[in-house]
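Data first, discussion second: the structure below is written as structure tokens.
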Amino acid sequence: MKIFLAGAAGAIGKRMVPLLLSAGHNVVGTTRSATRADALRAAGIEPVVVDVFDAPALSRAVSEARADVVVHQLTDLPPGFEPTERARRNARIRSEGTQNLVAAMLASSVRRLVAQSIAWMYAPGHEPHSESDPLDTRAQGTRAITVTGVADLERMTVFSPPIDGIILRYGHLYGPGTGATAAEAPALHVDAAAAGALLAIEKARNGTYNMAEPNGYLSTEKARRELGFDASFRLTGVA
């Protein structure tokens with residue numbers, strides 16, 4: 001398949017590239033930085049320098065890629081910003097960025113979207129949480145900013161027919177490229193997150209999947225049963 005990987009230079013995107021290529025997929029990967037384009041090309045994929053907030057340029061990039069699937073691994077978490085500003089920047093990616101990506105897909109007749117979400121935004125209630133449990137829409141402060149962005153991303157991913165949208169609710173990421181060697185529960189190694197996205201491309205249908213290491217906060221039974229998700233997966237031979 002032809003894959004349009006939005007966020008190919010990010011923590012998960014970089015770990016996805018060798019998995020996608022090994023599986024025989026053809027990959028077009030986006031980055032906002034021209035300096036990172038050479039690294040993507042060297043990794044074996046076709047780079048596209050584009051900003052998700054530039055809707056016309058993004059639409060052209062998606063159209064020219066002629067992809068079968070779009071994978072949304074975009075985040076905006078630069079170091080050095082205080083938590084509320086980081087939350088606002090990432091919420092904008094999830095809201096406005098996803099809107100632009102979905103619009104570009106609809107204009108180009110791309111009908112499959114796999115999008116990164118997060119797994120710790122459930123409303124207080126019985127644990128472990130399943131994918132059908134509500135999000136914490138009554139949250140306050142910084143958490144409220146994050147929940148709003150997550151809710152926008154998930155709504156547009158799943159409810160933009162005829163797009164077949166798949167949401168991956170990842171745990172707190174750690175591992176190469178994340179700046180963390182461990183994470184609080186629910187946790188997820190970046191390699192397992194990348195492998196989960198590949199499984200979703202090839203096996204998932206419209207809906208939501210929790211992806212994390214075993215924990216008491218949420219259940220990953222659906223992803224394990226339907227996709228064969230394995231939280232212990234690690235890439236070998238990749239720095």
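Just so you know, all these numbers are worked out from the coordinates, no wet-lab data involved. From a predicted model like this one, the values you see are computed outputs, not experimental measurements. All Cβ positions, even for glycine, are placed from backbone atoms using ideal geometry, and neighbour counts span all protein chains on display.
So what's the net charge close to Val49: Lys and Arg +1, Asp and Glu -1, counting the other residues with Cβ under 9 Å from its Cβ? Net charge around Val49: +1.
Karplus-based coupling profile of the range 128-141, in residue order and whole Hz: x, 6, 9, 5, 7, 5, x, 6, 7, 6, 9, 4, 10, x, with θ = phi - 60° in 6.51 cos²θ - 1.76 cosθ + 1.60 and x standing for Gly or Pro.
Couplings 3J(HN,Hα) for the range 44-57, derived from phi with the Karplus relation 6.51 cos²θ - 1.76 cosθ + 1.60 (θ = phi - 60°), are x, 10, 8, x, 9, 8, 7, 9, 4, 7, 8, 4, x, 5 Hz, where x marks Gly and Pro. Placing a label point 7 Å from the Cα of Ala39 along the Cα-to-Cβ direction, the residues of the range 1-33 with a backbone N closer than 15 Å are 7-18, 29-33.
Amide H contacts for Gly207 (H built 1.01 Å from N in the peptide plane; partners 5 or more residues away or on another chain; cut-off under 5 Å): Gly165, Ile166, Ile167. Spacing of the modelled spin labels on Arg155 and Val238, each 7 Å from Cα toward Cβ, amounts to 3.4 nm. Note on Lys203: aspartates and glutamates with a C-alpha under 17 Å away, same-chain residues under 8 apart excluded, are Asp68, Asp164, Glu221, Glu226, Asp230. Simple rule: put +1 on each Lys or Arg Cβ and -1 on each Asp or Glu Cβ in the chain, find the dipole, and look at Ala8, Ser95, Leu74; the Cα lying farthest toward the positive end is Ala8. Along the range 150-164 the Karplus relation, 6.51 cos²θ - 1.76 cosθ + 1.60 evaluated at θ = phi - 60°, assigns HN-Hα couplings of 4, 4, 4, 4, 5, 4, 5, 5, 8, 10, 10, x, x, 5, 8 Hz to successive residues, with x for each Gly and Pro. Stretching Glu96 away from Asp133 to a fully extended chain increases their span by 10.8 nm, per 0.36 nm per residue minus the current alpha-carbon distance.
Proximity of backbone amide H atoms, modeled 1.01 Å from N, is registered between Thr220 and no other residue at under 5 Å, excluding neighbours fewer than 5 places apart on the same chain.
Helical content alone sets the calculated 222 nm signal of the chain at -12000 deg cm²/dmol, taking -39,500 (n - 2.57) per DSSP H segment of four or more residues and averaging over every residue. Counting other Cβ atoms within 10 Å as a rough exposure proxy, the listed residues Leu135, Leu153 run Leu135, Leu153 from fewest neighbours to most. Each of Pro214, Ala194, Pro161 was scored by the projection of its Cα onto the charge dipole of the chain, and the greatest displacement toward the positive side belongs to Pro161; charges sit on the C-beta of Lys, Arg, Asp and Glu.
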